[in-house]
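Everything on this sheet refers to the single structure shown next.
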Amino acid sequence: MDKFTTLNSTAVPLPIEDIDTDQIIPARFLKATTREGFGDNLFRDWRYTQGEQPNADFVLNNPRYRGQILVAGRNFGCGSSREHAAWAIYDYGFRAVVSSFYADIFRGNALNNGLLPVQVSPAFLDQIFRHIEQDPSTHFTIDLQAQQISIAGTELSEHFDIDPYKKTCMINGYDDIDYLLNKRSQIETFEKQHQIY
Amino acid sequence: MGKTLFDKIWDAHIVEDVGPGTQVLYIDRHFIHEVTSPQAFDGLRKRGIPVFSTAQTIATADHNVPTVNQHLPIEEPLSRHQVDMLTQNCAEFGVELFGLGHPNQGIVHVIGPELGLTRPGMTIVCGDSHTSTHGAFGTVAFGIGTSQVEQVLATQCLLQSKPLRMRINIEGTLSKGVLSKDIILYIISKLTTSGGNGYFVEYAGSAIRSLSMEARMTICNMSIEMGARGGLIAPDEVTFDYLKGRPHAPAGQAWDEALRYWKSLYSDEDALFDKEYHFRAEDIGPMVTYGTNPGMGLVVDQHIPDAETLPGVEKALTYMGLQEKQAMLGQKIDYVFIGSCTNSRIEDLRLVADFVKGKEKASHVAVFVVPGSKQVEHQAKAEGLDQIFAAAGFEFREPGCSACLGMNEDKIPKGAYCVSTSNRNFEGRQGPGARTILASPLTAAAAAIAGNIVDVRTFLH
Ligand code: SF4
């Protein structure tokens, strides 16, 4: 997993609520048996018309908006547990998602893949959308160590929460398996006294 | 202070508390399938480690399999490759597989319970969000991503933060024609698709107690659609009767011991919940969805709300080709899909067969019935349900996820309306441009006969 410390980038706005993982990566693209290449089909059915032409109305096809931060409406990543959604967002080139609310499984999947889910207040999310709208070249800084997201050229910033263990993993590029493999003897001890009926 | 059912099970599986809010949670049962496991097995291979406990791991092929001619090689090359990978991975790592052609094959959340692999008090995970289904037995069961599938394969454990506890009480008696699917669609329409976020939900109350095991599974199945980590129901005599004699259920003295433990699995009187809701069964009618998430649902004789009153409704209605304030009754439909881990068990098929017996589908509607498992398929045939379906013009297929997510050939065409007993009406879920209306098996069967959305209650006098 790649390390995440500080990210300074412009952002791509997607002000839609309840974006489910079927939109992020439709099921028909889940047939791959590796983790790579899902970025091409990120938001496939919004990004392309039925005739497979790029849909000019969709933000990823709009040259005004670029960057490594995806900003989305509340309850981002609901629905299917497919980790392919996090892979697709990462593979496309995003390193962080900003929203006012995440579905649980998506949040976990993102963190397990070095994609930082930054949860901000609804008011701050609105500020971000407004700044991108006014000037798409606005930069945002996400400082994981300080747990802070700020809007460049303004005084505006907000603190965000993250599980301390997950924070350490993200900063160091560790994953849970490395951690759990070191717990083998504790797990074996537990198993001896644990009864499954 | 007393403990909730959820706490009792969760706490019995904590290997270690590691830092604020994070615990190593032991997993009793791990189900895997072809779509979310290949990258996890690959991870084990790269690390050079085996599966920690093959005895607790069970695999099946379901998401990507065709529902016709399962005895022939899979035609679609990518699907075939994914199913073949599962077979190879299971052979290499020593995991038991109920693959295509196996008498136990089926949708992962259907076969676990029917084989007695799902039992009260367990922690159960699977790389699939509808793992919550297993909670109907009084288990802590939840969906995980592929990295976590790899964690469990590698260590039989997960790093977890403990969810909050919610209880949803439904008291009273359901009206005729109202099924457990309607209960859960009703709850989600009230709580929205994020109302359960961060919670593990216990369903309780007299209306829940009166349900069969299969009906309870339908409710727990859709817990994830309100954002909950999972849902569960305290085990009782209904649960024990269902389990007794199942292939993997304990027997003899082991059964008695298990029963003693299972009977301790309930929320104590003085247990505290972080949130609690109360609903009356009498308020619930047959439900249908009108939008593009499972929270956009209403009782079938109600009208679609004013688009301005709810966020996202306008976009959803444009996709669905429906109007605000429109009645759902009378809405013409093109397809009916009866299947998925929500409603593809033998009881669902019996209900449908009972309703359509002697009737015929509307000529413009295509109907397919996809059983949840090989066992359900056999049972349905043994009871002659397949004959009833055939006479009604319904196509009875072989088991798999099918048009629930349209990974195989079973897709709904662009713009077509499909009344579906599955669990998700997201844009494109049943195929690009497909328009899904979620409903119970009875409402779906009635729509198949009428050719449009009808209130099944009017047929049941
Ligand atoms: S039937 Fe549908 S919801 Fe259930 S496991 Fe299969 S794809 Fe998932």
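The values are calculated or read from the model by the stated rules, or taken from the named source; none is laboratory data. Everything numeric here is computed off the predicted structure, so don't read it as measured data. Cβ coordinates were reconstructed from backbone atoms using ideal geometry, including for glycine residues, and neighbour counts include every protein chain displayed.
A few comments on the model shown:
- Checked against (1) in contact with a strand residue (DSSP E or B) (Cβ under 6 Å, 6 or more places away or on another chain); (2) within 19 Å of B:Val201 (Cβ to Cβ), B:Leu97 passes all but condition (2).
- Of all residues making up the stretch B:438-461, the number that are buried (at least 20 other Cβ atoms within 10 Å of the Cβ) and polar (S, T, N, Q): 2
- Here the strands (runs of 3 or more DSSP E) wholly within the stretch A:1-88 that include at least 3 residues being at pLDDT 90 or above, more than 23 Å from A:Asp104 (Cα to Cα) and more than 13 Å from chain B (Cβ to nearest Cβ) are A:6-9.
- Elements of type helices (runs of 4 or more DSSP H) contained in the stretch A:92-197, each with 1 or more residues being in contact (Cβ under 8 Å) with a residue 60 or more places away in the chain: A:104-111, A:122-134, A:164-172, A:176-181
- Verdict on A:Leu156 being surrounded by 15 or more Cβ atoms within 10 Å (Cβ to Cβ), modelled with pLDDT of 95 or more and either farther than 30 Å from B:Glu150 by Cα or more than 12 Å from every other protein chain (Cβ to nearest Cβ) (or both): no
- Of all positions in the stretch B:314-333, none carries a residue that is within 21 Å of B:Cys404 (Cβ to Cβ), within 16 Å of the ligand (Cβ to nearest atom) and within 14 Å of another protein chain (Cβ to nearest Cβ).
- Leading residue by the ranking (nearest to the other protein chains (Cβ to nearest Cβ)) among those in the stretch B:407-435 that are within 12 Å of the ligand (Cβ to nearest atom) and hydroxyl-bearing (Ser, Thr, Tyr): B:Ser422
- Residue that is nearest to the ligand (Cβ to nearest atom), among those in the stretch B:32-65 that are in a strand (DSSP E or B) and farther than 19 Å from A:Ile187 by Cα: B:His33
- Number of the exception - A:Thr10 against (1) more than 30 Å from A:Pro164 (Cβ to Cβ); (2) surrounded by fewer than 22 Cβ atoms within 10 Å (Cβ to Cβ): (1)
- Residue in the stretch B:250-264 that is surrounded by 15 or more Cβ atoms within 10 Å (Cβ to Cβ) and within 30 Å of A:Asn109 (Cβ to Cβ) present: no
- The residues of the stretch B:71-83 that are within 16 Å of the ligand (Cβ to nearest atom) and either within 18 Å of B:Asp42 (Cβ to Cβ) or more than 13 Å from every other protein chain (Cβ to nearest Cβ) (or both), listed by number, are B:Gln82, B:Val83.
- Among all residues of the stretch B:136-144, there is none that is more than 14 Å from the ligand (Cβ to nearest atom) and within 7 Å of chain A (Cβ to nearest Cβ).
- The lone exception for B:Thr133 - which of (1) closer than 29 Å to B:Ile49 by Cα; (2) of a type in the set (Ser, Thr, Tyr); (3) within 16 Å of the chain's Cα centre (by Cα) it fails: (1)
- Screening the candidates A:Asp126, A:Asp104 for the property of being over 30 Å from B:Lys46 (Cβ atoms) and out of contact with any Ser or Thr (no Cβ under 8 Å at 6 or more places or on another chain) yields one hit, A:Asp126.
- Subset of the stretch B:73-92 [more than 18 Å from B:Asp410 (Cα to Cα) and either loosely packed, with under 15 Cβ neighbours inside 10 Å or of a type in the set (D, E, K, R) (or both)]: B:Asp84, B:Gln88, B:Ala91, B:Glu92
- Complete set of residues in the stretch B:364-377 that are touching a residue at least 40 places away in the same chain (Cβ under 8 Å) and closer than 13 Å to B:Phe394 by Cα: B:His364, B:Val365, B:Val367, B:Phe368, B:Val370, B:Pro371
- Of all the criteria given as (1) within 14 Å of the ligand (Cβ to nearest atom); (2) within 14 Å of chain A (Cβ to nearest Cβ); (3) among the hydrophobic types (A, V, I, L, M, F, W, C); (4) in contact with an Asp or Glu (Cβ under 9 Å, 6 or more places away or on another chain), the one not satisfied by B:Leu86 is (1).
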